[in-house]
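Chemist: Okay, here's the structure, questions in a sec.
The values are calculated or read from the model by the stated rules, or taken from the named source; none is laboratory data. This one's a predicted model, so the numbers in the text were calculated from it and none came from an experiment. A quick note on method: Cβ atoms are made from the backbone with ideal geometry, for glycine too, and the neighbour counts reach across all protein chains shown.
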Amino acid sequence: MGRELQEAYAGPVRKYRATVEYDGTDYHGFQIQADKPTVQGAIEGSLAQTVKEAVRIVGAGRTDSGVHALGQVISFRVAWHHSLGDLQRALNARLPRDIVIRGLEHAQEDFHPRFSARSRVYRYTVLNQPLRSPLARHFAHQLTEPLNLSAMNGAASLLLGRHDFATFGNPPQDGSTVREVMQAAWTQAGDCFCFNIEANGFLRRMVRTIVSALLVVGQGRMAKEGIAALLAARDRSRSLPPAPACGLCLMQVKY
């Protein structure tokens, strides 16, 4: 169908920006894969059913398998002659219960969810108690050994600023492992410890690997100087295994 005829039937093709929340437990990450369920695949399926044609979406971040999001941002271009609210309701009606479009708006043509972003905010949640929690198991990493909040924050403060995080994450295609961290701090509410980190970008598995190292500090098995040594090493082989994916959530993408 030609562009003129398509617009006559469905309205002009426009670019949209959406904020997406999802429980990543049952998905093999955000990015689409041919033979596995992904968040991108589910959203594109909902779009195809709604506008009756294949639509490719672009995301702000490729969250790993089992990682969650409260503020993932996507963009797509479709022809739609009803309201924004109608499109949002139509998409949500076709999405599985563990994914929802929280917000939808028109976007400028030059908007890109990834490249237009100034920073991203992640939160990692740790449940620090002796008994397991069946209700929290998909959204928090449980540790039974007591954690020292002050020690973890002292170590986390060393991450602030511009550093080469090669020890903590896999390099992207452009090869640069330098990132700027604007926020890195733990908070505690009862048995729940939350690590909030904001940066202009993240390497793959960077947050979970940082969390793993900070937890070792919190357990008293490494001094905060160990974090400085890991940063200075710029050596991926020296990193600890990443903390489990279940505790990680993409909270916000800032533009």
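Chemist: Considering segment 163-194 alone, what residues qualify as being of a type outside the set (D, E, K, R) and closer than 18 Å to A228 by Cβ? Walk me through how you get there before you give the answer.
Modeler: Step one: filter segment 163-194 for residues of a type outside the set (D, E, K, R), giving 163, 165-173, 175-178, 181-190, 192-194.
Answer for segment 163-194, where residues must be of a type outside the set (D, E, K, R) and closer than 18 Å to A228 by Cβ: H163, F165, A166, T167, F168, G169, T177, V178, V181, A184, A185, W186.
Chemist: Restricting attention to segment 163-220, and to residues there that are out of contact with any Phe, Trp or Tyr (no Cβ under 8 Å at 6 or more places or on another chain) and among the hydroxyl-bearing types (S, T, Y), which single residue is surrounded by the most Cβ atoms within 10 Å (Cβ to Cβ)?
Modeler: This residue is T167.
Chemist: In the list Q40, Q88, which residue meets the criterion of being assigned to a helix (DSSP H, G or I) and over 22 Å from A117 (Cα atoms)? Show your work before the answer.
Modeler: Numbers: Q40 fails: over 22 Å from A117 (Cα atoms).
The unique qualifying residue is Q88.
Chemist: Keeping to segment 14-37, report how many residues are in a strand (DSSP E or B), touching a residue at least 60 places away in the same chain (Cβ under 8 Å) and not hydroxyl-bearing (S, T, Y). Spell out how you get there, then give the answer.
Modeler: The initial filter retains those residues of segment 14-37 that are in a strand (DSSP E or B), namely 14-22, 33, 36.
Narrowing further to those that are touching a residue at least 60 places away in the same chain (Cβ under 8 Å): 14-22.
Going one step further and asking which of them are not hydroxyl-bearing (S, T, Y), we end up with 14-15, 17-18, 20-21.
Residues in segment 14-37 being in a strand (DSSP E or B), touching a residue at least 60 places away in the same chain (Cβ under 8 Å) and not hydroxyl-bearing (S, T, Y): 6 in total.
Chemist: Same structure, new question: Only one of V216, V207 is assigned to a helix (DSSP H, G or I) and either free of Cβ contacts under 8 Å to residues at least 12 places away in the same chain or closer than 20 Å to V253 by Cα (or both); which? Show your work before the answer.
Modeler: Working: V216 fails: either free of Cβ contacts under 8 Å to residues at least 12 places away in the same chain or closer than 20 Å to V253 by Cα (or both).
V207 is the lone residue from the list that is assigned to a helix (DSSP H, G or I) and either free of Cβ contacts under 8 Å to residues at least 12 places away in the same chain or closer than 20 Å to V253 by Cα (or both).
Chemist: Continuing with the same structure: Just one of I210, I197 is within 14 Å of the chain's Cα centre (by Cα) and either at pLDDT 95 or above or not assigned by TED's automatic domain parsing to the domain that holds E145 (or both); which is it? Walk me through it before giving the result.
Modeler: Details: I210 fails: within 14 Å of the chain's Cα centre (by Cα).
That would be I197, the only listed residue that is within 14 Å of the chain's Cα centre (by Cα) and either at pLDDT 95 or above or not assigned by TED's automatic domain parsing to the domain that holds E145 (or both).
Chemist: Here's something else I'd like to know. Would you confirm whether any residue within segment 42-58 is of a type in the set (D, E), closer than 26 Å to A136 by Cβ and surrounded by 15 or more Cβ atoms within 10 Å (Cβ to Cβ)? Full working, then the answer.
Modeler: Of all residues in segment 42-58, those of a type in the set (D, E) come to 44, 53.
Next cut, closer than 26 Å to A136 by Cβ only: none.
No, there is no match, as no residue in segment 42-58 is of a type in the set (D, E), closer than 26 Å to A136 by Cβ and surrounded by 15 or more Cβ atoms within 10 Å (Cβ to Cβ).
Yes/no per residue for (1) out of contact with any strand residue (DSSP E or B) (no Cβ under 7 Å at 6 or more places or on another chain); (2) under 20 Å from T38 (Cβ atoms); (3) part of a loop (DSSP other than H, G, I, E, B); (4) not basic (K, R):
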residue	(1), (2), (3), (4)
G71	no, yes, no, yes
S75	no, yes, no, yes
N92	no, yes, no, yes
V100	no, yes, no, yes
L104	no, no, no, yes
P113	no, yes, yes, yes
V121	no, no, no, yes
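Chemist: Pick from L87, L131, L158, L149: which is closer than 28 Å to A228 by Cβ and out of contact with any helix residue (DSSP H, G or I) (no Cβ under 6 Å at 6 or more places or on another chain)? Show your work before the answer.
Modeler: Working: L87 fails: closer than 28 Å to A228 by Cβ; L131 fails: closer than 28 Å to A228 by Cβ; L158 fails: out of contact with any helix residue (DSSP H, G or I) (no Cβ under 6 Å at 6 or more places or on another chain).
Step by step, each of L87, L131, L158, L149 is checked, and only L149 is closer than 28 Å to A228 by Cβ and out of contact with any helix residue (DSSP H, G or I) (no Cβ under 6 Å at 6 or more places or on another chain).
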